[in-house]
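Comments concern the structure below.
Read-outs: derived from the displayed coordinates by stated rules, not from any lab. As the structure is a computational prediction, the values presented were derived from the model and not from experiment. Please note: Cβ atoms are built from the backbone with ideal geometry, for glycine as well, and neighbour counts cover all protein chains shown.
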């Protein structure tokens, strides 16, 4: 179901400092997500989304965003993609993200887009305009395999298509990278997968990879995830239950060894493991934390 709603506010301040993504503000134009990734934390009770498969469109978002940006005194980076994907299929017709980027460009704010959606290529001209201030696009990629990806992220573009989109953005001069999170225990936490992601990211022109070796598991998110494990990977739910019980966080197997390998590979391919961030009132290139 797709339904329009009226939002009261749009931009949320991000707790500072944000050493993960370099954000000052968070922007969500939709509620719910069509990508239906089986591990998504946004299904958790704390976010109060009754049915994550229902897509709620904030019909007044563009006017609201314009009004809020006019009142902002600090031009910090606006992030989008934390609670849903800004380039899920509904965006192709609603164009909320595309229009929001035009507003952001007009106000001279920096932006960091987190997505699995290849539709971001549509907005390349606007991203080029925003890049005069600062623009970054991070593609979430947790597996190097299209086959595994279609079971974990059934509504999202293929992994190979994301790498291709990353390559096009990078070739056009947009700062691009990969968010390699979550890495799912017993499915993605192996050297072959980590090596595959890093090597493909480097070949596609990524400048950074942000990694987390494990997955959160809480309330409704855990229940949905376990149900999907039963459907797609029979017997794996029981392994999770034995290994993690009701723990909030399920770390990857051999997480320290995988992190060491990851850092070695990133050093080899000259990839940063931290987010380049917008530096206000400067004309120099983005700096690292």
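GNM, the chain, Cα, under 10 Å: largest mean-square fluctuation among 218, 70, 162? Evaluated over the chain, the most mobile residue of the options is 70. For the chain, adding -39500 (n - 2.57) for each run of n ≥ 4 DSSP H residues and dividing by the number of residues yields -10500 deg cm²/dmol at 222 nm.
Between residue 279 and residue 220, the simple label model (points 7 Å from Cα in the Cβ direction) yields a spacing of 4.3 nm. For the stretch 124-193 versus the stretch 19-60, the inter-centroid distance based on Cα atoms is 18 Å. Result for the chain in a Gaussian network model with C-alpha springs under 10 Å: among 176, 126, 268, the largest mean-square fluctuation is at 268. When the chain is treated as a GNM with alpha-carbon contacts under 10 Å, the residue of 109, 52, 163 showing the greatest mean-square fluctuation is 52. Assuming a ≥ b ≥ c are the square roots of the Cα gyration tensor eigenvalues, decide whether the chain counts as rounded (a/c under 1.5), prolate (otherwise, with a/b larger than b/c) or oblate. Oblate shape, in that a/c is at least 1.5 and b/c is the bigger or equal ratio. Here the gap between residue 151 and residue 54, fully extended at 0.36 nm per residue and compared with their Cα-Cα distance, gives a gain of 32.9 nm. Comparing Cα centroids, the stretch 61-78 and the stretch 215-236 end up 38 angstrom apart. When both bridge partners sit in the stretch 2-279, DSSP labels roughly 25% of those beta bridges antiparallel. Computed from the mean reciprocal separation of all distinct C-alpha pairs, what Kirkwood hydrodynamic radius does the stretch 67-178 have, in Å? Roughly 14.5 Å, rounded to one decimal.
Give the shape of the stretch 168-289 as rounded, prolate or oblate, defined through the alpha-carbon gyration tensor: a ≥ b ≥ c are the square roots of its eigenvalues, a/c under 1.5 means rounded, and otherwise the shape is prolate if a/b is larger than b/c and oblate if not. The shape class here is prolate.
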